[in-house]
1. Taking into account only those residues within segment 371-398 that are within 18 Å of the chain's Cα centre (by Cα) and of a type outside the set (D, E, K, R), which is surrounded by the fewest Cβ atoms within 10 Å (Cβ to Cβ)?
2. Pick out, from segment 1-95, the strands (runs of 3 or more DSSP E) lying fully within it that include 1 or more residues that are within 20 Å of the chain's Cα centre (by Cα).
3. State whether one or more residues within segment 303-325 are in contact with a helix residue (DSSP H, G or I) (Cβ under 7 Å, 6 or more places away or on another chain), of a type in the set (Val, Ile, Thr), modelled with pLDDT of 95 or more and under 25 Å from Gly64 (Cβ atoms).
4. Looking at segment 261-284, can you tell me whether even one residue there is of a type in the set (S, T, N, Q), at pLDDT 95 or above, in the same structural domain as Leu321 (by TED's automatic domain parsing) and not in a loop (DSSP other than H, G, I, E, B)?
5. With Ala145, Ala135, Ala121 as the choices, which residue is surrounded by fewer than 18 Cβ atoms within 10 Å (Cβ to Cβ), aliphatic (A, V, I, L, M), farther than 20 Å from Gln298 by Cβ and in contact with a Gly (Cβ under 7 Å, 6 or more places away or on another chain)?
6. Identify, from the list Asp320, Asp306, the residue that is more than 26 Å from the chain's Cα centre (by Cα) and within 26 Å of Arg279 (Cβ to Cβ).
7. Given the residues Arg240, Arg252, Arg279, which is the only one that is surrounded by fewer than 22 Cβ atoms within 10 Å (Cβ to Cβ), among the charged types (D, E, K, R) and under 26 Å from the mean Cα position of the chain (by Cα)?
8. Can you go through Arg98, Arg109, Arg85 and tell me which one is in contact with a Lys or Arg (Cβ under 8 Å, 6 or more places away or on another chain), surrounded by fewer than 19 Cβ atoms within 10 Å (Cβ to Cβ) and either more than 18 Å from Ala198 (Cα to Cα) or β-branched (Val, Ile, Thr) (or both)?
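The values are calculated or read from the model by the stated rules, or taken from the named source; none is laboratory data. Because the structure is a prediction, the values reported are computed rather than measured. Every residue, glycine as well, gets a Cβ built from its backbone with ideal geometry; the counts of neighbours run over all protein chains shown.
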Amino acid sequence: MRPAPRGSAKILVVGAGVGGISIARGLLRDGHDVTVFERRPALQAGGGAVTIWSNGETVLGQLGVVMAGAGQLLSTVRVATSTGRPLATLDVTAIVNRLGAPVRMVPRRVLLERLLEGFPAERVRCDAHVVGVVAEDAGVRVDFADGSCARGDLVIGADGLHSTVREIVGAPRAVPTGWCSWQGLGVLPDGVDRCVAAVIVGEQGNLGLWPAGRSEVQWWFDLPWSPDFVRPERPIDLIRASFTGWSAPVDRVLASLTDDDLAHSPYPHFRHPIPGPGRGPITLLGDAAHTMPPTLAQGTNQALLDTMVLCKALSGAHSDLSAALRWYENTRRRRVAAVSRVASLQVSHGEAVLRPAAMVSDRFMTWALASFLRASSHRRLAAEISSALAAATTCRQS
């Protein structure tokens, strides 16, 4: 991909999380002038680990991010009920073979570190609290709480669930789904296969134990939640009362946790209504555009797909920047809306309701997931971009 014939654009990115650094990295690769503004005083990745499916791994490769040795490659996902009834064994290796890229669980801090390798530090301005974004005749202006401002050709809001840019452009706010996650990183229990992720579904909640590399495991416990939720004085008692006895590895994790491990939880689940086409030189990316529940572990992957499509949109195929942004938004809307709808389906059910799922073959379940990922991932566009980047690399080396 080459920058647009009109010359490089001056692009302002709000938010320096995974989505913000990814799009900045891609746009710098394509010859644009990019600055990233981060509200926090320093770059840091919150939360535990994320799953990078094959669709996200492909984009990281396009961005030149080396993921070898990061996190834990997965071969299998096993799904069972809280009483031990197997529901499905998903063959992740078969998905990898079909989609052409590995699936890994990686701590968010490690992913951000890899994204920042080779990224020019001077392109990030921390302690920059955005309070306004104004379209002007010659572009767009970003105003900050300290009274300063920055001007550019366009603004990308990659500032997460509670996005200031989303609020400024008038997109609808996120809606709670009625669930929350108590989650974190812990020590992988003895006897657990490092390549196998486990999901256990019950009537009043569900949980996951996903190896995240070295001796770490991403654990989560999902329970109902409402806006009037009152945090218990000892949340570990709530979690143990809800999930003890679901499996031996789960009991070992529960025994190792303390209230301190739950200090930052719970994380309520939200879903954004997917916004319609924007106007002018402003757009949204990642959770700022389409926060969704973590059910499919697709949040980070969808932000990476946003990056791929937006870079393509700004690579010169459109007559002006606003047209390029509208093409990006329209190209992503239908696919990301489908992922959001599936991710928002209720997971927790009683044993009687879940029993028919065990009658579906593992092979079909694996095929269905691979097909869904393939259909929602712009596979043709991804192949074209990867080929173009490979050809450009070959030309530079010859």
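1. Per the stated criteria, the residue is Ala375.
2. 10-14, 33-37, 49-52, 76-81
3. Within segment 303-325 (the criterion being in contact with a helix residue (DSSP H, G or I) (Cβ under 7 Å, 6 or more places away or on another chain), of a type in the set (Val, Ile, Thr), modelled with pLDDT of 95 or more and under 25 Å from Gly64 (Cβ atoms)), the answer is yes, since at least one residue qualifies.
4. The answer is yes; a qualifying residue exists.
5. Ala135
6. Among Asp320, Asp306, only Asp320 is more than 26 Å from the chain's Cα centre (by Cα) and within 26 Å of Arg279 (Cβ to Cβ).
7. Values: Arg240 fails: under 26 Å from the mean Cα position of the chain (by Cα); Arg252 fails: under 26 Å from the mean Cα position of the chain (by Cα).
Step by step, each of Arg240, Arg252, Arg279 is checked, and only Arg279 is surrounded by fewer than 22 Cβ atoms within 10 Å (Cβ to Cβ), among the charged types (D, E, K, R) and under 26 Å from the mean Cα position of the chain (by Cα).
8. Arg98 is the lone residue from the list that is in contact with a Lys or Arg (Cβ under 8 Å, 6 or more places away or on another chain), surrounded by fewer than 19 Cβ atoms within 10 Å (Cβ to Cβ) and either more than 18 Å from Ala198 (Cα to Cα) or β-branched (Val, Ile, Thr) (or both).
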